[in-house]
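Right, one structure below, let's go through it.
Read-outs: derived from the displayed coordinates by stated rules, not from any lab. The shown structure was predicted, so the numbers you read here are calculated from the model rather than taken from an experiment. Positions of Cβ are generated from backbone atoms using ideal geometry, with glycine treated the same way; all protein chains shown enter the neighbour counts.
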Amino acid sequence: MTEFVYSPPNTPLELIHEDHELLVVNKPAGLLSVPGKGDHLKDCLITRLQAAFPEALLVHRLDMDTSGVIVFARTPAAQRHLGLQFEKRMMKKSYLALVWGQVDGKEGVIDLPLIVDWPNRPLQKVCHETGRAAVTEWKVLRHDETSTRMRLFPQTGRSHQLRVHMRELGHPILGDPFYATGPARDFPRLMLHAETLRLRHPDGGRGMTFRAKNPF
């Protein structure tokens, strides 16, 4: 594996929604959600967001290589409310992905438990003995010459879940530096985008859906 060099995009913050309890942002690919270890990994989405909204609080994360919808809280009460929605799987998310090869069928479900691959962390692996439940629903949108455009619906929120599940299906996500090999890996970014996020607003419980335009 080539040595990792962190060079986050210098793009302006893209707010999708702002109110007294929520901040919804379109995260660019290549930017960490939270700081990593070391000064060279300090630049991240929450740091940039807190420069404009000092009260912003973390609710969940997206992988550095993934783009799309991510929500932050503006009050501790909203943070707790949104955190419980994730914990109880009330949040509904959909992702767009370009994967290698021609996926058979129109839709399906991947149910493979995951655990961290300790000698190779942060990589994850399937483990039926000690892995935590991980379920992904998928739907084919269209086939291209060497790839398939898909919509993915994670029913659980394990680290790298969609990336490992698609690799296990035999169709790694294009541009994945961890789980794709050969020509499937040779893309300028990970072709995975958090397209929609549906939640209940912490103030009143109204259902709201947020969307980030697909960049690929």
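Applying a DSSP loop filter and a limit of 15 other Cβ atoms within 10 Å to the GluC sites (Glu not before Pro) in the range 10-46 leaves E14.
Between H20 and R198, the modelled label-to-label distance comes to 2.7 nm, taking each label 7 Å out from Cα in the direction of the beta carbon.
Think of it as helices only: each DSSP H run of n ≥ 4 in the chain is worth -39500 (n - 2.57), and spread over all residues that comes to -3500 deg cm²/dmol at 222 nm.
Hey, got the dipole for the range 1-150? About the Cα centre, +1 on K and R Cβ, -1 on D and E Cβ, debye to the nearest 20?
320
Taking amide H positions as modeled 1.01 Å from N, with prolines and chain starts lacking one, no residue 5 or more places away or on another chain lies under 5 Å from F53. Within the range 1-74, the ratio Rg/Rh, alpha carbon atoms throughout and Rh by Kirkwood, equals 0.97. The phi torsions of the range 98-114, fed into the Karplus equation with coefficients 6.51, -1.76 and 1.60 and a -60° offset, translate into couplings of 9, 10, 6, x, 9, 6, 6, x, 9, 7, x, 10, 10, 10, 9, x, 10 Hz, rounded to whole numbers, with Gly and Pro shown as x.
Loop-located GluC sites (Glu not before Pro) in the range 31-126 (DSSP state not H, G, I, E or B) with no more than 13 neighbouring Cβ atoms inside 10 Å: E55.
Positive end of the dipole of the chain (Cβ unit charges, origin at the Cα centre): among F216, P119, G108, the Cα lying farthest that way belongs to G108. The long axis of helix 76-87 is offset from the longest Cα principal axis of the chain by roughly 20 degrees. Straight-line reach from K213: taking Cα to Cα under 26 Å and skipping same-chain neighbours fewer than 8 places apart, the lysines in range are K27, K92, K93, K106, K139. In percent, rounded to a whole number, the relative contact order of the chain is 20, using alpha-carbon pairs under 8 Å and six or more apart.
The HN-Hα couplings worked out from phi for the range 193-204 by the Karplus form 6.51 cos²θ - 1.76 cosθ + 1.60 (θ = phi - 60°) are 9, 6, 7, 9, 9, 10, 9, 9, 5, x, 9, x Hz, whole numbers, x standing for Gly and Pro. A quarter of the convex hull surface defined by the alpha-carbon atoms of the range 55-115 gives 6.3 nm² as the mean projection. For the chain, the residue among N10, P202, L162 whose Cα projects farthest onto the positive side of the dipole built from Cβ charges is P202.
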